[in-house]
Every structure is written in C-alpha cells, then in structure tokens.
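All remarks here apply to the structure that follows.
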Amino acid sequence: MRNFKNILVTGGAGFIGSNFIHYLFEKTSFKGNIINVDKLTYAGNLNNLKNIEDKLGNRYFFEHIDICDKEGIDKIFQDHSIDCVVHFAAESHVDRSILGPKEFIDTNILGTFNLLEVARKYWLNDNKSGKDFLFHHISTDEVFGSLGETGYFYEDTAYDPRSPYSASKASSDHLVKAYYHTYGLPITISNSTNNYGAYQFPEKLLPVMIGNIVNEKKLPVYGDGKNIRDWLFVEDHCSAILKIIQKGTIGETYNVGGENEWTNIDLINVLCEKIAKIKNKNAEHYKELITFVKDRSGHDRRYAINCDKLKNELGWKQSVNFSEGLDLTIDWYLNNQKWIDDIKNESYRDWIKANYENR
C-alpha cells in the first residue's frame, strides 16, 4: 500500500476537494500534510475548510494560486516535497461551458498539462529515491457521452463528450494517460457520477432545488425531466479516491458510481416530500412550483456507471444509501444559511481573495 506524506490537492476549496480534505483528516488515519492549491474562482470557498485550518494549521497549508502558473506550482512542489497530487481543480458546470467555453479549455486542459509537466520534472529528479509518487486525476462520467435506456459506462467505454465541459475533461484524461504511456509518470484516474452532499456550490441541481423549495421559488426542470443521473454521496467518492491512491494499479482508470439512478423529476419530487415533512407542509404545495423549461443544448439523456472494477480489485463499496444521503444533504443546507449567504455576497468573496492573495 502506498503511503504519502505531502499530498497536493488542487481545487481543494471546492465542493469535492474540500470534502476530500475533511475526509482525510477527520475519517482516516492519515498522518501526513495536505497542501491545498486553489485559484478561488466563484466556486472556491475557504469557509469550507476554516475548522481544518484552525485545528490543523501545522499539517494543512493553503496556497492561493492558479494551476496554470507553472513557476508557482513548481515552487510548491519544491517547498512542500510533494509525493502525491490529487487533481480536482476544474471548471465543472455544463451550462457555464456552453455560455463561455474558454475558461474550461484554459483550466481543464492547459492547467492539467501544466501540472503534469511540473509533476513529471519533479518525479524524474526524485524517482531514484524509491519513494512513492502518484498523480491522481479526478474526472467525470460525462466524458463517455450519453446512454440509452439500458447499459452502463465501463472503464474501456469509448469517449464521446457532448459539451465543452465534457470535451475539456476528456482532453485532460487523455493527457494524463499519455504522460503515463510516454514518460512513465505514475498516474491513476477516476471517473465518477454526479456527487451530492455538503459544500456544493448552489448552482447545481440539489442545492438549487433545496434552496428554491425552502424559499418557495420556481423549480426549473429541463425538458421533460426524464434525464437520468446516477447519484453518489460525496463522502463515498472520497473513500474511493483514497482506495485508489493507496492501492490502485498504476496507469489504470477506475469508475466510481452510486449505482443509484434517478430521473430529475422523480428526484425533485422526493426533495419536495422530504422538505415538506421537515417544514410540516403539504408536499403538493411545493410540487406545484415545478416549472418545465427549454432543454439545454447537448443535454445527455442518461448516465450510469459500472464500478465493479473498483469493488473487486480494491474492496470499495458505497456506505450511504440515497435516502440517508439526501436527509444529510438537506439538513446541511437548511442549517448552513450563513455559508450560502456568504457565497452570494460578492464583497465577502472579494475580501477572501484579498486576504489570501499573498499567502
């Protein structure tokens, strides 16, 4: 089993990245250091990790930097003796990629290339030591395109991205694989389904719908609402990543899924029912807020992942069922209104950036 002392987490102030940092420090026996690199774009929020910084300031380090800054990333590798990269940093919202694809190309492709180049140089200079080194790349099931009513995505499914977002992630996947095959850089890749849980930026389906239900605003649903997604609790995703970086076969890809398919409309109905029970209201009152809107361009019909490889080779399994995970997620958003308000407060976000600019 590989053991790492200094893990570089890119995009660690974002949704899955911050959950991964919490998971390593709070739910595992990890004894090393974490260096969190984040550009602090709109989806990065240092409030996600304030308690970690307060309690573990001698083992947790934040660096406000763009992954496209090669000199800055190189300095971080040297200063912190990085032996593992867990690369979350990415522009990730499909709608935003349709409106403005350039940022997705810059961060997801060029940023990944930059990280790979720095990691390769560092690894080549240090690999005679015999120490463990790994570049783990976090990707998405969206690179595989769209499924029909049956079937699943496997690790060897042909790529067929349909949006600028998924195309940029597919490109970054191919780059990571190329650095393994061409240069021998030790890499692993994981492709996951839709994550849900705490700290998710309120532009994604679940936090949007939870907020709108509570505030009795319209619940916009694309098309006929029958698009299907496989939902994975974010902590289960984090446990899968840890399994992969510790025991995954170098050069291999692992699918991570919830094995938990829902149509968008059915999921929203369940949210209405759960929140109605909490608020002691009639669920039909909330369901009347559902409003069907024009479908988005290139909207994939169905995603579903087969994750047998991860289960059979590494012994991973999901630990949170969907009803329990939804309850935990709803409870978190209902009890963290200040976190939501701060995200929406532009002056607060500017203050965060200013205070971390020179760190």
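Quick note: the coordinates plus some simple rules give every number you see, no bench work behind them. The structure presented is a predicted model; accordingly, all values stated were derived computationally and were not measured. Reconstructed Cβ throughout: ideal geometry from the backbone, glycine too, with neighbour counts over all protein chains shown.
Quick look at the values:
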item: Tilt relative to the chain, helix 70-80 - C-alpha long axis, 0 to 90 degrees, to 10; result: 70 degrees
item: Amide hydrogen neighbours beyond the local backbone of Arg302, cut-off 5 Å, H modeled; result: Leu147, Ile228
item: CD proxy at 222 nm, helix term only [per DSSP H run n ≥ 4: -39500 (n - 2.57); per residue of the chain; nearest 500]; result: -13000 deg cm²/dmol
item: Relative contact order, percent, the stretch 183-261 [alpha-carbon distance under 8 Å, six or more residues apart]; result: 53 percent
item: Linear extension gain, Asn282 paired with Ser29, 0.36 nm per residue minus alpha-carbon span; result: 86.6 nm
item: Fraction of antiparallel bridges per DSSP, the chain only, in percent to nearest 5; result: 10 percent
item: Nearest-ten-degree value, helix 15-27 long axis tilted from longest Cα axis of the chain; result: 70 degrees
item: For the stretch 6-27 versus the stretch 230-298, the gap between their alpha-carbon centres in whole angstrom; result: 20 Å
item: Rounded tilt (10° steps) of 234-247 against the dominant C-alpha axis of the chain; result: 20 degrees
item: Filtered chymotrypsin sites (Phe, Trp or Tyr not before Pro), the stretch 24-112: DSSP coil and at most 14 other beta carbons within 10 Å; result: Tyr42
item: Computed P(r) (all Cα pairs; the stretch 225-310; 10 Å bins; percent); result: 15, 32, 29, 18, 6, 0
item: Label-zone membership for the stretch 60-74, site Asn125, 7 angstrom Cα→C-beta point, backbone N under 11 Å; result: 74
item: Nitroxide proxy distance, nm - points 7 Å out along Cα→Cβ at Asp342 and Glu149; result: 4.8 nm
